[in-house]
Amino acid sequence: LINKLNNKSIISVDTETSSLNPMEADLVGISFSCASNEAYYIPINHKKFKCLNKELVLKKLKPLLEDESIKKVGQNIKYDLIVLMNNGINISPIEDTMLLSYVLDAGNNRHNMDTLSELHLAHKTISYKDLVGTGKKQLKFSDINLKEATEYAAEDADVTLRLYELL
């Protein structure tokens, strides 16, 4: 996967974490896309499933994510930037599909990925609430089984790249 991503000039990246606050978030996994309808999820901290070693994964991904010749695209990438900086990785250069959408169409709609996906790609994304639940029965992302977590996280990376290509 790293070899494949290293051969691209633009990739999308998305982190899955334990918190909405990036300063408190533990990294659960990272997803990537380098072509439309093609995405990958690297699980590193799912509680009930064997995952890859976090330190090894980050060590292997660091050169890729810091490579100035590869543009890293994200939806609200500031969040991912902070999470990765807290893990010793300074991603650069970056682009943000949420900001691109806002600049192009400031007052006409919301700029979250779900809205943008339906509006521009005619694709309804997997809902985070449908995945983890709500209220007292709400699970943490790290508790979600790997198949569902992979589908959700990979979709985020894929949709982000497709939105970037369009915007």
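Could you list, in sequence order, all residues of region 3-30 that are in a strand (DSSP E or B) and either open to solvent by 60 Å² or more (accessible area, probe 1.4 Å) or farther than 15 Å from Lys47 by Cα (or both)? Steps first, answer last, please.
Step one: of region 3-30, the residues in a strand (DSSP E or B) are 10-17, 27-30.
Matches in region 3-30: Ile10, Ile11, Ser12, Val13, Asp14, Thr15, Ile30.
Residue-wise test of (1) open to solvent by 60 Å² or more (accessible area, probe 1.4 Å); (2) in a strand (DSSP E or B); (3) touching a residue at least 40 places away in the same chain (Cβ under 8 Å).
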residue: Phe32; (1), (2), (3): no, yes, yes
residue: Ala39; (1), (2), (3): no, yes, yes
residue: Ile42; (1), (2), (3): no, yes, yes
residue: Lys48; (1), (2), (3): yes, no, yes
residue: Cys51; (1), (2), (3): no, no, no
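Just to be sure before I move on: is Ala122 aliphatic (A, V, I, L, M) and surrounded by fewer than 16 Cβ atoms within 10 Å (Cβ to Cβ) in the structure I sent?
On the way: aliphatic (A, V, I, L, M): yes; surrounded by fewer than 16 Cβ atoms within 10 Å (Cβ to Cβ): yes.
Yes, satisfied.
Under the condition of being within 20 Å of Thr17 (Cα to Cα) and assigned to a strand (DSSP E or B), which residue from region 94-105 is most open to solvent (accessible area, probe 1.4 Å)?
Step one: list which residues in region 94-105 are within 20 Å of Thr17 (Cα to Cα), which gives 94, 96-98.
Applying the additional criterion that residues be assigned to a strand (DSSP E or B) yields 94, 96.
On the way: Ile94: 69, Asp96: 15 Å².
My answer is Ile94.
Exactly one of these conditions fails for Asp114: (1) part of a helix (DSSP H, G or I); (2) within 17 Å of the chain's Cα centre (by Cα); (3) over 13 Å from Ser101 (Cβ atoms); (4) free of Cβ contacts under 8 Å to residues at least 40 places away in the same chain. Give me its number.
The failed condition is (3).
Select from region 53-73 the residues that are charged (D, E, K, R), part of a helix (DSSP H, G or I) and either under 30 Å from Tyr102 (Cα atoms) or open to solvent by less than 30 Å² (accessible area, probe 1.4 Å) (or both) and list them in ascending order. Before the answer, list the steps.
Kept after step one, since they are charged (D, E, K, R), are these residues of region 53-73: 54-55, 59-60, 62, 66-68, 71-72.
From what's left, part of a helix (DSSP H, G or I): 54-55, 59-60, 62, 66.
Result: Lys62, Glu66.
Determine whether Glu66 is at pLDDT 95 or above, among the charged types (D, E, K, R) and under 20 Å from Gly29 (Cα atoms).
Details: at pLDDT 95 or above: yes; among the charged types (D, E, K, R): yes; under 20 Å from Gly29 (Cα atoms): yes.
Spelling it out, Glu66 is indeed at pLDDT 95 or above, among the charged types (D, E, K, R) and under 20 Å from Gly29 (Cα atoms).
Considering only residues that are open to solvent by 50 Å² or more (accessible area, probe 1.4 Å) and touching a residue at least 60 places away in the same chain (Cβ under 8 Å), which ones fall in region 138-149? Before you say what the answer is, go through the steps one by one.
Narrowing region 138-149 to residues open to solvent by 50 Å² or more (accessible area, probe 1.4 Å): 138-140, 145, 147-148.
Within region 138-149, Lys140, Asn145 meet the criteria.
Name the single residue, out of those in region 74-93 being assigned to a loop (DSSP other than H, G, I, E, B) and free of Cβ contacts under 8 Å to residues at least 40 places away in the same chain, that is least open to solvent (accessible area, probe 1.4 Å). Full working, then the answer.
At the first step, the residues of region 74-93 found to be assigned to a loop (DSSP other than H, G, I, E, B) are 75-76, 86-93.
From what's left, free of Cβ contacts under 8 Å to residues at least 40 places away in the same chain: 76, 88-90, 92-93.
On the way: Asn76: 66, Gly88: 39, Ile89: 2, Asn90: 87, Ser92: 36, Pro93: 40 Å².
Top of the filtered list is Ile89.
Based on what the data block shows, is Asp130 in a helix (DSSP H, G or I), modelled with pLDDT under 95, of a type in the set (Asp, Glu) and exposed (fewer than 13 other Cβ atoms within 10 Å of the Cβ)? It would help to see each step written out before you state the result.
Details: in a helix (DSSP H, G or I): yes; modelled with pLDDT under 95: yes; of a type in the set (Asp, Glu): yes; exposed (fewer than 13 other Cβ atoms within 10 Å of the Cβ): yes.
It is true that Asp130 is in a helix (DSSP H, G or I), modelled with pLDDT under 95, of a type in the set (Asp, Glu) and exposed (fewer than 13 other Cβ atoms within 10 Å of the Cβ).
Has region 92-104 got any residue that is in contact with an Asp or Glu (Cβ under 9 Å, 6 or more places away or on another chain), under 24 Å from Ile144 (Cα atoms) and not hydrophobic (A, V, I, L, M, F, W, C)?
no
The values are calculated or read from the model by the stated rules, or taken from the named source; none is laboratory data. As the structure is a computational prediction, the values presented were derived from the model and not from experiment. FYI the Cβ positions are ideal-geometry reconstructions off the backbone, even for glycines, and counts take in every protein chain you see. For the accessible areas, the whole protein counts, side chains as well, though only heavy atoms, and no ligand, DNA or RNA atoms are used. Shrake-Rupley method; radii C 1.70, N 1.55, O 1.52, S 1.80 Å.
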